[in-house]
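See below for the structure under consideration.
The values are calculated or read from the model by the stated rules, or taken from the named source; none is laboratory data. This one's a predicted model, so the numbers in the text were calculated from it and none came from an experiment. Positions of Cβ are backbone-derived with ideal geometry, glycine not excepted, and every protein chain shown enters the neighbour counts.
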Amino acid sequence: MSDALISASLVFRDDGTPYSPRHDDIYHSAAGALAQARHVFIDGNGLPGRWRGKACFTVIEAGFGMGINFLATWAAWRNDAHRATILNFVSIEKHPFSANDLRAAHAAIIDDDAVVPLADLLASAWPPLEAGMHRLAFDAGAVTLTLALGDAARLLPHLADSGAAADAIYLDGFAPAKNPDMWTPAIFTSLARIAKENATFATYTSAGDVKRALVQSGFEYRKVAGFGGKRAMLVGKRSLSGNAVIDS
Ligand SMILES: C[S@@+](CC[C@H](N)C(=O)[O-])C[C@H]1O[C@@H](n2cnc3c(N)ncnc32)[C@H](O)[C@@H]1O
């Protein structure tokens, strides 16, 4: 795990949406970063309902980016009187932003007063950009963020071997056509090893290759209404039957 990291550069499109020149894609829908996080990843995984009454709830995310999904999840957890006692969020990122760029990105895109202080705490705790695992703790240790910095294809098997166990999976690489490395059967096979028996997943895409890779790796999916002009997105769970296609 000693691969050198290449950090991300902070670039905005004319409409203010953060954009990656490396992948020629945007970090989130132009219709809103937090709104997308809530619709696709939080609602898509049945949260907050699924964490209620649990001692511990673990989310695994592929693609930390600016941490919008993490911040939205943390804010939803804080706002829920029946939340899990502990929220663990594990996220993999190959090209992290610097702390300064993270702050600048958050200043430009976070439009919710409940999330602003959380973004500030995140940027203040931001680790050095070194490959490997960085564990940050918030809210007196009740919320942990494990940032796995490096390539998902290398780090996910390592996480699976080390016993990581997910209740919910956020699949948030750039678009499959532009970032195919994040959507391979090998990625999903590692995620299936990490997924607990009743784990769910959600992703903004409904691309055919993603559906096929999911099924091949032991997940079943459903198409539901997408966010911000996207007709469909995928949600689903680990397949216990082995027959995994539920396509509507
Ligand atoms: C759509 S953005 C994620 C947005 C993020 N979830 C958020 O809430 O801000 C996709 C992220 O996947 C990362 N990524 C792309 N290829 C990767 C790879 N092979 N391994 C790990 N991360 C990767 C990109 O650097 C980018 O930050």
Out of LEU145, LEU122, LEU129, which single residue is part of a helix (DSSP H, G or I) and within 14 Å of the ligand (Cβ to nearest atom)? LEU122
Could you list, in sequence order, all residues of the stretch 14-29 that are more than 12 Å from the ligand (Cβ to nearest atom) and either under 18 Å from the mean Cα position of the chain (by Cα) or free of Cβ contacts under 8 Å to residues at least 12 places away in the same chain (or both)? ASP14
Residues that are of a type in the set (A, V, I, L, M) and assigned to a loop (DSSP other than H, G, I, E, B), drawn from the stretch 87-114: ILE110, ALA114
Give just the number: which of (1) away from the ligand (no atom under 13 Å from the Cβ); (2) buried (at least 23 other Cβ atoms within 10 Å of the Cβ) does ALA76 not satisfy? (2)
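Results for (1) in contact with an Asp or Glu (Cβ under 7 Å, 6 or more places away or on another chain); (2) modelled with pLDDT of 95 or more; (3) crowded, with 20+ Cβ neighbours inside 10 Å, shown as yes or no for each residue.
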{"site": "LYS196", "(1), (2), (3)": "yes, yes, no"}
{"site": "PHE201", "(1), (2), (3)": "no, yes, yes"}
{"site": "ALA207", "(1), (2), (3)": "no, yes, no"}
{"site": "TYR221", "(1), (2), (3)": "no, yes, yes"}
Enumeration of residues in the stretch 84-104 that are crowded, with 17+ Cβ neighbours inside 10 Å and within 21 Å of GLY150 (Cβ to Cβ): ASN88, PHE89, VAL90, SER91, ILE92, GLU93, LYS94, HIS95, PRO96, PHE97, ASP101, LEU102
Go through the stretch 70-86 residue by residue and tally those that are assigned to a loop (DSSP other than H, G, I, E, B) and hydrophobic (A, V, I, L, M, F, W, C). 2
So, in the stretch 30-61, how many residues would count as being among the polar types (S, T, N, Q) and more than 11 Å from the ligand (Cβ to nearest atom)? 2
Would it be correct to say that ARG154 is more than 12 Å from the ligand (Cβ to nearest atom) and of a type in the set (D, E, K, R)? no
